[in-house]
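Student: Okay, handing you the structure first.
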Amino acid sequence: MKKYISFVLVGLFCALNLQASEPAIWSISSRGEWLKGDARGVSITDAGAITLAPKLSEVFKTEQPYVWSSAIDASGNVFLGTGSDGRIYRVDGNGKGAIFADTNELNVSALAIGAGGELFAGTSPDGKVYRLTANAAPEVFFEPKEKYIWSLAVLGDGSLAVGTGENGKIYRVRQANAKPETSLLFDTSETHIISLAADKQGNLYAGTDGSGLVLRFAATDGKPFALLDAPLREIHQIAVGSNDEIYALALSETTSTPKSAAALTAATTTENLTVPVEPIASVTPEPLPKSRYDLTAAKTVIYRITPGGSDIIWNSPTVVGFSIRANPNGDGVILGTSDKGRIFSITDDGRETLLLQSNEGQISTIQTRGNQMFATSSNQGKLYRFGTETVAEGTYESSVLNARTSAAWGRIWWRSNGSVILQTRSGNTEKPNETWSDWSADYADSKGAQVASPTARFLQWRAILKNSATLSEVSVAYLPRNIAPEILSIQVLPTNVGLIANPPIQIDPNIENSGLDPAVFGLPPVTGIPPRRVYQRAARALQWTAEDRNGDRLKYAVYYREVGETEFKLLRDELRENFLTIDGLALADGRYVFKITANDAPSNPSAQSLSGERTSEPVDVDNSAPTVAAVGSPQNTGDKTRVVFEASDSSSHLQKAEYSVNGGEWLEVYADDGISDGQRERYTLEIPLKNAGEYAVTLRVFDASGNAGNARVLTRK
């Protein structure tokens, strides 16, 4: 943030009260700041602390770019539906995996385990449902003539529910003898049936794309009932909790999800997913938290639906969710995202914990078996496993501090429990690369250690946690290199327009003496009130804008010289305001140049203070009134008299003329050549004489600086 000082507003560099003579403190203690970094083997709790994470083990690598779907059978085999070769992989309980089937389709977008242990697989974009068993080749079980098979669910009677697109239909398929029996369960007005789930009572739940509906189909009569009409477009996934509560993952219109028609089609030609890049750490304050019910900018929303109605337990304007699963502990859900391939735990009351972070672009599905959880990733398509066991060691890499100029690093200190060590590195590129310094030696004393990394513009630290350690806050002191202030512009107001300071806001003297920024107390900057413009005879007022990249307090000096002179003369010094009104009568008529200097001495030791300056365009000072005189005597003709005046000015051009008869209203008159624009002009007046008597005719002429001169003549009728 820059510091701008102008007659409109004085900006504050208030996020860290950063001043060149005082070290700035970069602290990370809030959950929002923690999430900007990279968590490798560590979790970030809802209270904003770093702890060791559940152990994440890579179980199987498919060598495919995408895993679109997954399912677990009673024996613990995990099945993975992939794209863009349309293969299905089976991974046994020992982590041994192999191709289970090749559907010869592009994408296996849905999987479900049947009542008899068979596997059903839905494909896209040539919508078919395959039935697979261990000893037989895949067979087409159902072909609804739909483009997409988005979702599958096995109902209580063993029948299969099939959600399709682009016509938004739900089919029910029963195995009767050797031939399946098919019926249309529901033809919605939606575009896609993205998600399906069934509860222990045999009720079917469907999530749609188009209007973001959650529908329930009763086990007794199959009658549909809308449980939720979300303001977001898509119900991407539905999960059934241990108490039969329903969790719905809703995504916004602008969110690109892998289970959309466009994404699955693109998967046939695209090798990489786009993963958001975290920005460089900012020293601006975090935005104020919003209610989770405020969906103004939400990309992802999680709903909890019970017999009493629906409730929002979590939403995010930045994180895109791809998969949810009911938490095995019975409280909330586990959420897989595209945010660095992260997995979150979200409780029913909205508390959010970053469980772990993978090395992949997104977590596309999550499955549970007992206390074990299985997550699949895309780009590349892999299977991971995690549970209650935590890692022995984890690391956290902070976001990157941008000091905005080369900075000398001070001390680093932190709050922790257990075995925690920190390291730092620095560089002059926004992203750490081979040009940065190596990671420093370990800092082990949490009370503080001198940062050993070289002076640079950017800094990053990492923490290494062992043996159940926790970390709750890290702070680094640094002193940015002082940069000279700049005068960006100078404005000269018209003659006779002066500037007067408005009364300052009264601030508690204790706050002023504390050395703290008044903004900390919710007060505006003292110098932030623009001056008032007032009429002041002969005044010449200057205003200027200044910038100091360090956010230093500034003082100003104003100098002047007449055009043609070589040396500037001091007019005013030690100014704290960014304006000055000059008494024009103190300057002789002429053409002048003004110079403004800005110095950051109020915030720096005198030996380290710097200054910048700027000169104005030439400014005319004219305090002499025009000379006006009558030419000859008035010439009366009948009921009129003709009066001629001449006016001249020695310093500037004439601009306006007006006349009055017998002290009456002033009436404008043009010069004889049609316009008042020269240093000498002639004015001819034709005055009607209605009644006998004496008439006084006065001509008043103004020059460009607002000076006025006049003359009067008498005539009689």
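The values are calculated or read from the model by the stated rules, or taken from the named source; none is laboratory data. As the structure is a computational prediction, the values presented were derived from the model and not from experiment. Positions of Cβ are backbone-derived with ideal geometry, glycine not excepted, and every protein chain shown enters the neighbour counts.
Student: Could you please tell me which pairs satisfy a Cβ distance under 7 Å, a separation of 6+ or placement on different chains, a first residue in the stretch 94-118 that is touching a residue at least 40 places away in the same chain (Cβ under 8 Å), and a second residue that is buried (at least 22 other Cβ atoms within 10 Å of the Cβ) and of a type in the set (Val, Ile, Thr)?
Tutor: The qualifying pairs are Gly97/Val91; Asn107/Thr123; Val108/Thr82; Val108/Ile88; Val108/Thr123; Ser109/Thr123; Ser109/Ile149; Ala110/Ile149.
Student: Still on this structure, I have one more. Could you check how many residues of the stretch 96-119 are of a type outside the set (A, V, I, L, M) and assigned to a strand (DSSP E or B)?
Tutor: Restricting attention to the stretch 96-119, the residues satisfying the condition of being of a type outside the set (A, V, I, L, M) are 96-97, 100, 102-105, 107, 109, 114, 116-118.
Adding the requirement that they be assigned to a strand (DSSP E or B) leaves 97, 100, 102, 107, 109.
Qualifying residue count, the stretch 96-119: 5.
Residues checked against (1) surrounded by fewer than 17 Cβ atoms within 10 Å (Cβ to Cβ); (2) at pLDDT 95 or above; (3) over 30 Å from Val593 (Cβ atoms); (4) not aliphatic (A, V, I, L, M):
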| position | (1), (2), (3), (4) |
| --- | --- |
| Leu471 | no, yes, yes, no |
| Ala477 | no, yes, yes, no |
| Asn496 | no, no, no, yes |
| Gln506 | yes, no, yes, yes |
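Per-residue answers, yes or no, for (1) modelled with pLDDT under 95; (2) assigned to a loop (DSSP other than H, G, I, E, B); (3) under 26 Å from the mean Cα position of the chain (by Cα); (4) under 27 Å from Ser446 (Cβ atoms):
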residue: Asp339; (1), (2), (3), (4): yes, yes, yes, no
residue: Ile366; (1), (2), (3), (4): no, no, no, no
residue: Ala375; (1), (2), (3), (4): no, no, no, no
residue: Tyr384; (1), (2), (3), (4): no, no, no, no
residue: Ser426; (1), (2), (3), (4): no, no, yes, yes
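Student: Among (1) at pLDDT 75 or above; (2) closer than 28 Å to Val451 by Cβ, which single condition is Leu516 missing?
Tutor: (1)
Student: Would you be able to say whether some residue in the stretch 402-424 is assigned to a loop (DSSP other than H, G, I, E, B) and under 11 Å from Ser453 (Cβ atoms)? So that I can check it myself, show each step before the final result.
Tutor: Our first condition is that a residue be assigned to a loop (DSSP other than H, G, I, E, B); within the stretch 402-424, this holds for none.
So far as the stretch 402-424 goes, no, none of its residues is assigned to a loop (DSSP other than H, G, I, E, B) and under 11 Å from Ser453 (Cβ atoms).
Student: I've got another one for you. Which one of Lys147, Lys179, Lys128 is among the basic types (Lys, Arg), in contact with a Pro (Cβ under 7 Å, 6 or more places away or on another chain) and more than 25 Å from Asp311 (Cα to Cα)?
Tutor: Of Lys147, Lys179, Lys128, the one residue that is among the basic types (Lys, Arg), in contact with a Pro (Cβ under 7 Å, 6 or more places away or on another chain) and more than 25 Å from Asp311 (Cα to Cα) is Lys147.
Student: Please indicate, with yes or no, whether at least one residue in the stretch 633-645 is farther than 19 Å from Pro688 by Cα and not small (Gly, Ala, Ser). Give the derivation first.
Tutor: Pass one, the stretch 633-645, residues farther than 19 Å from Pro688 by Cα: none.
The answer is no, given that none of the residues of the stretch 633-645 is farther than 19 Å from Pro688 by Cα and not small (Gly, Ala, Ser).
Student: To continue, here is another question. Could you tell me whether any residue of the stretch 617-640 is under 15 Å from Glu562 (Cα atoms) and surrounded by fewer than 16 Cβ atoms within 10 Å (Cβ to Cβ)?
Tutor: yes
Student: Next question, about the same structure. From the list Arg591, Arg537, Arg561, Arg549, pick out the single residue that is among the basic types (Lys, Arg), over 45 Å from the mean Cα position of the chain (by Cα) and not in a strand (DSSP E or B). Explain how you work it out, then say what you get.
Tutor: Details: Arg591 fails: not in a strand (DSSP E or B); Arg561 fails: not in a strand (DSSP E or B); Arg549 fails: over 45 Å from the mean Cα position of the chain (by Cα).
Just one listed residue meets the conditions, Arg537.
Student: So which residues in the stretch 672-692 are surrounded by fewer than 19 Cβ atoms within 10 Å (Cβ to Cβ), modelled with pLDDT of 90 or more and not aliphatic (A, V, I, L, M), if there are any at all?
Tutor: Asp672, Asp673, Gly674, Asp677, Gly678, Gln679, Arg680, Arg682, Thr684, Glu686, Pro688
Student: Another question, then. Can you name every one of the strands (runs of 3 or more DSSP E) wholly within the stretch 120-193 that holds 1 or more residues which are more than 27 Å from Val67 (Cβ to Cβ) and touching a residue at least 12 places away in the same chain (Cβ under 8 Å)? Show your work before the answer.
Tutor: Values: elements: 129-132, 139-142, 148-154, 160-165, 169-176, 179-187.
Ranges flagged: 169-176, 179-187.
Student: For the stretch 439-493: of the residues being part of a loop (DSSP other than H, G, I, E, B) and of a type in the set (Val, Ile, Thr), which is farthest from Asp583 (Cα to Cα)? It would help to see each step written out before you state the result.
Tutor: So the first thing to find is which residues in the stretch 439-493 are part of a loop (DSSP other than H, G, I, E, B), and the list is 439-442, 444-448, 451-455, 481-485, 493.
Within this subset, residues satisfying the condition of being of a type in the set (Val, Ile, Thr) are 451, 455, 483.
Values: Val451: 55, Thr455: 49, Ile483: 34 Å.
The qualifying residue farthest from Asp583 (Cα to Cα) is Val451.
Student: Let me ask another. Between Glu681, Glu686, which is touching a residue at least 40 places away in the same chain (Cβ under 8 Å) and charged (D, E, K, R)?
Tutor: Working: Glu681 fails: touching a residue at least 40 places away in the same chain (Cβ under 8 Å).
When all the criteria are applied, what remains is Glu686.
Student: Identify all residues within the stretch 327-360 that are among the small types (Gly, Ala, Ser) and closer than 24 Å to Asp294 by Cα; write none if there are none.
Tutor: In the first step, residues of the stretch 327-360 are kept if they are among the small types (Gly, Ala, Ser); the result is 330, 332, 336, 338, 341, 345, 350, 358.
Listed by number, the residues that qualify are Gly332, Gly336, Ser338, Ser345, Gly350.
Student: How many of the residues making up the stretch 165-205 are of a type in the set (S, T, N, Q) and under 37 Å from the mean Cα position of the chain (by Cα)?
Tutor: From the stretch 165-205, those of a type in the set (S, T, N, Q) are 167, 175, 177, 182-183, 188-189, 191, 195, 201, 203; that's our starting set.
Those left that are additionally under 37 Å from the mean Cα position of the chain (by Cα): 189, 191, 195.
The qualifying residues number 3.
Student: Another one. Considering Arg90, Arg174, which residue is at pLDDT 95 or above, among the basic types (Lys, Arg) and assigned by TED's automatic domain parsing to the domain that holds Phe322? Steps first, please.
Tutor: Values: Arg174 fails: at pLDDT 95 or above.
So the residue among Arg90, Arg174 that is at pLDDT 95 or above, among the basic types (Lys, Arg) and assigned by TED's automatic domain parsing to the domain that holds Phe322 is Arg90.
Student: Can you list residue pairs whose Cβ atoms sit under 9 Å apart, with the first residue in the stretch 629-655 being closer than 12 Å to Glu681 by Cβ and the second being of a type in the set (Asp, Glu) and in a loop (DSSP other than H, G, I, E, B)? Count only pairs 6 or more apart in sequence or on different chains.
Tutor: Short answer, once both residue conditions are applied: Val644/Asp672; Asp649/Asp622; His653/Asp677; Leu654/Asp677; Gln655/Asp677.
Student: Also, quick follow-up: Would you check if Glu613 is acidic (Asp, Glu), in the same structural domain as Ile500 (by TED's automatic domain parsing) and assigned to a strand (DSSP E or B)? Let's see the steps before the verdict.
Tutor: Details: acidic (Asp, Glu): yes; in the same structural domain as Ile500 (by TED's automatic domain parsing): yes; assigned to a strand (DSSP E or B): yes.
Against the criterion (acidic (Asp, Glu), in the same structural domain as Ile500 (by TED's automatic domain parsing) and assigned to a strand (DSSP E or B)), Glu613 qualifies.
Student: Farther than 11 Å from Val558 by Cβ and in contact (Cβ under 8 Å) with a residue 60 or more places away in the chain, is that true of Ala625? So that I can check it myself, show each step before the final result.
Tutor: Numbers: farther than 11 Å from Val558 by Cβ: yes; in contact (Cβ under 8 Å) with a residue 60 or more places away in the chain: yes.
So Ala625 fits the description; yes.
Student: Separate question: Find the residue count for the stretch 428-453, including only residues that are out of contact with any Phe, Trp or Tyr (no Cβ under 7 Å at 6 or more places or on another chain), of a type in the set (Gly, Ala, Ser) and either at pLDDT 95 or above or not assigned by TED's automatic domain parsing to the domain that holds Gly41 (or both).
Tutor: 4
Student: Taking Phe594 as meeting all but one of (1) at pLDDT 95 or above; (2) more than 24 Å from Pro530 (Cβ to Cβ), write down the number of the exception.
Tutor: All conditions are met except number (2).
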